[in-house]
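Below is one structure; the comments refer to it alone.
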Amino acid sequence: MDNQFKYKDDGLSEDHIKQICRFSDRLYVKGEYQRMKGYIQFKIWHKRQMDKRDALIELNCKKLII
C-alpha cells in the first residue's frame, strides 16, 4: 500500500481561480481553493486506503474461518 499522500496540482493560476469564484458567486480568498482541493484529495486517498485495509482484514478473516 502507498502510505504517502501526494497532492496533485490541477494547474490553475490564481487568475483562473478568481474567475471561477466570480462566476460561481463565491467569495475569493487567496489559498482557500488550493486548501480545499488538497483536503478533498486527501479524504479520497484516505478512504481508498481504509477500503484496501478493510478488504485485507475481511480476506484474512475468511481464510481463518475456512
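The values are calculated or read from the model by the stated rules, or taken from the named source; none is laboratory data. Note that the coordinates shown come from a computational prediction; the quantities given were computed from them, not determined experimentally. Reconstructed Cβ throughout: ideal geometry from the backbone, glycine too, with neighbour counts over all protein chains shown.
Taking the numbered list (1) without any contact (Cβ under 8 Å) to a residue 40 or more places away in the chain; (2) part of a helix (DSSP H, G or I); (3) of a type outside the set (Val, Ile, Thr) in turn, Asp9 passes all entries but (2). Beta carbons closer than 8 Å, at least 6 apart along the sequence or on distinct chains, never pair a first residue in the range 42-63 that is under 25 Å from Lys8 (Cβ atoms) and among the small types (Gly, Ala, Ser) with a second that is modelled with pLDDT of 90 or more and surrounded by 11 or more Cβ atoms within 10 Å (Cβ to Cβ). Within the range 25-66, the set of residues being more than 22 Å from the chain's Cα centre (by Cα) and part of a loop (DSSP other than H, G, I, E, B) comprises Asp25, Leu27, Ile66.
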